[in-house]
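The values are calculated or read from the model by the stated rules, or taken from the named source; none is laboratory data. Nothing here was measured: the structure is a model prediction, and the numbers come from that model. Quick reminder, even Gly has a Cβ in these numbers, built from the backbone with ideal geometry, and neighbours come from all protein chains shown.
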Amino acid sequence: MGRIGDNYSRIRAELPPAVEMVVAAKSRSAGEVAEAIAAGARIIGENYVREAEDIRRRLAPELLNGVAFHMIGHLQRNKVNKALAAFDTIQSIDSLRLARAVNKRMDGASPVPVLVQVNVAGEESKYGIKPGELHGFLECMASLNNIKVNGLMGMEPYCRDPEDARVYFRKMRELFRSASTSPIQGVEMRTLSMGMSHSHAVAVEEGANMVRIGTAIFGPRKY
Ligand SMILES: *Cc1c(COP(=O)(O)O)cnc(C)c1O
């Protein structure tokens, strides 16, 4: 196995078995993504619809068998149709307008699984629902029958020392827990997606059951 496969396998072995790993593949080539899949990766995260389409087009259907694509970047409403064709799950539902747009474009065959993106630190530069608005937001999801909320996705502020991010992961877990206790139609808190290359260990300690790893698998991005 090459370097990418080795990195994937090492991180996978370090994670508890119940924690799912999303391979964050933004700006990586189809060949690089194929190496991760060959090593066992089963969820590919992309930030752009175009990149997911490209990977799907370039890789053999046999290789993609059993591999899910998750949208983890900001989704523009005019890209919703294409996103629904390219992705199995949208992790980045970050506004009511987007949720409604996704709901409207689904034909109602079976609801599309989504996560609600939380702007856990209330950063101006980030998308997502503010913690204080999450409960009301989830209540609005009850009327959107074509989407199924399966949990939350959070992106912590950049902290050089991942220990400093612990407070945000803890906040996410608290939001996840409190959302689990008040049942809302079409909302189920199963997945808590948080933690990236240098912060995933702390995120898992604080309750993440899905982490999103890019750099630690592929190496530094080239842009
Ligand atoms: C790029 C990205 C990641 C992975 O970040 P790394 O530091 O490269 O592991 C995780 N989540 C989202 C939403 C991303 O855009």
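Here are some notes:
- The range 200-223: number of residues that are near the ligand (Cβ under 8 Å from one of its atoms) and part of a loop (DSSP other than H, G, I, E, B): 2
- Meets criteria (of a type in the set (Gly, Ala, Ser) and touching a helix residue (DSSP H, G or I) at 6+ places or on another chain (Cβ under 6 Å)) for residue 154: yes
- Filter pass, residue 3 being surrounded by fewer than 16 Cβ atoms within 10 Å (Cβ to Cβ), touching a residue at least 40 places away in the same chain (Cβ under 8 Å) and within 16 Å of the ligand (Cβ to nearest atom): yes
- Among the residues making up the range 166-203, those that are closer than 13 Å to residue 154 by Cα and among the β-branched types (Val, Ile, Thr) are 167, 191.
- Residue match in the range 103-110 (condition: more than 20 Å from residue 177 (Cβ to Cβ), at pLDDT 95 or above and not polar (S, T, N, Q)): no
- Among the residues listed as 51, 14, 35, the single one being over 24 Å from residue 190 (Cβ atoms) and over 18 Å from the mean Cα position of the chain (by Cα): 35
- Leading residue by the ranking (surrounded by the fewest Cβ atoms within 10 Å (Cβ to Cβ)) among those in the range 56-84 that are among the small types (Gly, Ala, Ser) and under 19 Å from residue 24 (Cα atoms): 66
Every residue, every condition in (1) in a helix (DSSP H, G or I); (2) touching a strand residue (DSSP E or B) at 6+ places or on another chain (Cβ under 6 Å), yes or no:
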| position | (1), (2) |
| --- | --- |
| 158 | no, no |
| 163 | yes, no |
| 166 | yes, no |
| 170 | yes, no |
| 174 | yes, no |
| 192 | no, yes |
| 198 | no, no |
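So that you can scan it fast, the table gives a plain yes or no per residue for (1) among the basic types (Lys, Arg); (2) on the phi > 0 side of the Ramachandran plot; (3) more than 12 Å from the chain's Cα centre (by Cα):
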{"site": "55", "(1), (2), (3)": "no, no, yes"}
{"site": "73", "(1), (2), (3)": "no, no, no"}
{"site": "96", "(1), (2), (3)": "no, no, yes"}
{"site": "100", "(1), (2), (3)": "yes, no, yes"}
{"site": "110", "(1), (2), (3)": "no, no, yes"}
{"site": "116", "(1), (2), (3)": "no, no, no"}
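- Failed criterion for residue 178 (all others in (1) within 16 Å of the ligand (Cβ to nearest atom); (2) not in a loop (DSSP other than H, G, I, E, B) hold): (1)
- Residues of the range 139-158 satisfying the condition of being under 17 Å from the mean Cα position of the chain (by Cα) and more than 16 Å from the ligand (Cβ to nearest atom): 147, 148, 149, 150
- Flag for residue 122 being more than 18 Å from the chain's Cα centre (by Cα), under 22 Å from residue 195 (Cβ atoms) and among the small types (Gly, Ala, Ser): yes
- Cβ pairs under 6 Å, 6+ apart, first in the range 46-61 and acidic (Asp, Glu), second assigned to a loop (DSSP other than H, G, I, E, B): 46/25
- Condition met for residue 10 (among the basic types (Lys, Arg), surrounded by fewer than 16 Cβ atoms within 10 Å (Cβ to Cβ) and within 15 Å of the ligand (Cβ to nearest atom)): yes
- Of all residues making up the range 99-122, the number that are touching a strand residue (DSSP E or B) at 6+ places or on another chain (Cβ under 8 Å) and free of Cβ contacts under 8 Å to residues at least 40 places away in the same chain: 6
- Residue in the range 187-194 that is touching a residue at least 40 places away in the same chain (Cβ under 8 Å) and within 12 Å of the ligand (Cβ to nearest atom) present: yes
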